[in-house]
Amino acid sequence: MNQSILRTNGESYLNPLFWVHGEEEAVIRNEIKVMSENGIGSFTVESRPHPEYLQKGWWRDLDIIIDEAKKRKMKVWLYDDCGFPSGSVSGELVKKYPEYRKKFLRIVHIDSIGPLKGSSFLIRQWLKKDESVVAVVAAARSNLSDVLLSDTLIDITDHMVNGVVYWDLPEGSWRVFVLIKSLNCAEELTENHLNPLEKEAVGAFIKLAFEPTYEHLKQEFGETLQGFFTDEPRFGNYPSYSAKLGTVDMPIPYSTQIINISFPLFSPAYFPH
């Protein structure tokens, strides 16, 4: 075992979650006292069960916690939300900034054989609530397979009128892709969370969750108060941890900013919204 570890008091290796429910001051102070007496030198304040997160009762309890920890030379971290996982600011973020709700890109396709002059493709039937078409793109298939000929890729979005694409289908086997922007979250737990791919959305989270705390306890940051703990923020595009692209039918996280960085050849022509 590393001798440097044996020479420490061990307190920095113990950082339990301190669940707060709006208890009496004496209870809060006693819990911290017991942790300190058992060699625990730091802890993370778990705000999840608190009934007044970022409100008067929360600030009262936080002042008590910081005061008691400071007396005992303990270090404190704060969980940055009031629900699991991080990303909603207790549901307030999307209420104040609905435009920062997470978005997804899902793709459906139609296979067709040409030539077929005056052909039309019904697109609107694919759309669900809170969805819109980002682009309609066509590509020739190789020998009726799933292999696409990249040099045939063509944007036919401008051919769409009232949810129907009118396009003279060229000769051969073609696949018409409909790229759909959706607000429909595949994971109910995070449907009202911010879009972590958007700079402005993350900024709104910081504004609502971090800045009020800093203003209230700015003199303690870097001393007793060490910072924030973020708990498993995620995209929410599939209700499982084991999904992989290409193996299951799932949308991908969507952000115009990321698309513009990752696919400059397609931007803004194919991703204008």
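Taken across region 88-97, residues that are touching a residue at least 60 places away in the same chain (Cβ under 8 Å), over 26 Å from the mean Cα position of the chain (by Cα) and within 20 Å of H21 (Cβ to Cβ) do not occur at all.
Does E215 satisfy being crowded, with 19+ Cβ neighbours inside 10 Å and in the same structural domain as S42 (by TED's automatic domain parsing)? Answer is no for this residue.
List the residue pairs whose Cβ atoms are under 6 Å apart, where the first residue sits in region 29-56 and is in the same structural domain as P85 (by TED's automatic domain parsing) and at positive phi, the second is part of a loop (DSSP other than H, G, I, E, B) and modelled with pLDDT under 90, and the two are 6 or more positions apart or on different chains. Listed by first residue and then by second, the contacts come to G39/G10. Criterion first (outside the structural domain of P16 (by TED's automatic domain parsing), surrounded by 13 or more Cβ atoms within 10 Å (Cβ to Cβ), in contact with an Asp or Glu (Cβ under 9 Å, 6 or more places away or on another chain) and over 16 Å from L93 (Cα atoms)) does P239 satisfy it? Taking the combined requirement at face value, the residue satisfies it.
In this entry, E52 passes the filter for residues that are in a loop (DSSP other than H, G, I, E, B), among the acidic types (D, E) and touching a helix residue (DSSP H, G or I) at 6+ places or on another chain (Cβ under 6 Å).
Taking the listed residues L225, L194, the one that is assigned by TED's automatic domain parsing to the domain that holds S88, surrounded by 19 or more Cβ atoms within 10 Å (Cβ to Cβ) and farther than 22 Å from L183 by Cβ is L225, with no other qualifying. Restricting attention to region 72-99 and to residues that are in contact with a Pro (Cβ under 6 Å, 6 or more places away or on another chain) and within 15 Å of I206 (Cα to Cα), the residue that is surrounded by the fewest Cβ atoms within 10 Å (Cβ to Cβ) turns out to be S86.
The values are calculated or read from the model by the stated rules, or taken from the named source; none is laboratory data. If you're wondering where the values come from, they're calculated on a predicted model, not measured in any experiment. Note: ideal-geometry Cβ built from the backbone for every residue, glycine included; neighbour counts use all protein chains shown.
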